[in-house]
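Structure record follows, encoded as structure tokens.
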Amino acid sequence: MAKQVKRSPAPLYCAAAVWLGWGLLLPLYRLPHILAAATLSAVAGLIGKSLFPDKTYDLPGEKEEKAKEPETTGNPELDALVAERDKAVSEMRRLNAAIPGEKISAQIDRLEEDTRKIVNYVVEHPEKLPQIKRFMSYYLPTTLKLLNAYDRMGAAGVSGENIDATRGRIDAMMDTIVAAFDKQLDALFADEALDISTDITVMENLLKQEGLNEEKPFTANG
């Protein structure tokens, strides 16, 4: 299994903070100060690395992908759904490894988890397939499109009005997207939740009618 490492930006930020703080408070034009700042920034970088370590992802290798037997459900429509899930999850992992930032990384992790659970639930309950048509045809691919744009603009390595504004809008949108994925998953359980609620109501009424919903004091006669 191939590995891909997502480098945490925290060590760099910690080291840069030392240089910035030193430059604001103490002179940096003397060699002793430069050496001291360099040493302290290295220590800060090591601390940042220990607190925010790199993340490692398993990525399928080319040979492994070819050798792996395709997953099948016996239903061509569900098989296509599973294939789309695997493709989307693979792309999310690639993007997660490429895009720096702890917050957006956690958000992409959540999107991947929800996508897996949504598709897996529908595979087990094929009658729910129409309920996720819009999710699979629009929300999921559009989310991947936005993340790809975010990745490309970040990789450009420059700051500009269009790049910063677009990345800012995507950043602001991510919480809403995660909430939408959560709601899509929750909606799949609506019928099941209603059935359980009905069962609970019926049981409560029966227990009440038979006087079994309250604890009776114990007596020697039973």
Any hit, segment 133-151, residues being exposed (fewer than 11 other Cβ atoms within 10 Å of the Cβ), over 24 Å from the mean Cα position of the chain (by Cα) and at pLDDT 85 or above = no
Could you tell me whether any residue of segment 182-205 is buried (at least 16 other Cβ atoms within 10 Å of the Cβ), over 21 Å from residue 91 (Cβ atoms) and at pLDDT 85 or above?
-> yes
Tabulated pairs, segment 136-158, first within 18 Å of residue 98 (Cα to Cα), second part of a helix (DSSP H, G or I) and among the aliphatic types (A, V, I, L, M), C-beta under 6 angstrom, 6+ apart or interchain = 143/177; 146/170; 147/95; 150/170; 151/95; 151/98; 153/163
Considering (1) under 25 Å from residue 99 (Cα atoms); (2) in a helix (DSSP H, G or I); (3) among the aliphatic types (A, V, I, L, M); (4) free of Cβ contacts under 8 Å to residues at least 40 places away in the same chain, say which one residue 203 fails and leave the rest.
-> (1)
Answer with yes or no whether residue 97 is surrounded by 13 or more Cβ atoms within 10 Å (Cβ to Cβ), at pLDDT below 95 and of a type outside the set (D, E, K, R).
-> yes
What is the one condition in (1) surrounded by fewer than 12 Cβ atoms within 10 Å (Cβ to Cβ); (2) at negative phi that residue 157 does not satisfy?
-> (2)
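The values are calculated or read from the model by the stated rules, or taken from the named source; none is laboratory data. Since the structure is predicted, the reported quantities are computational estimates derived from the model, not experimental observations. Don't worry about glycine lacking a Cβ; one is built from the backbone with ideal geometry, like all the others, and counts go over all protein chains shown.
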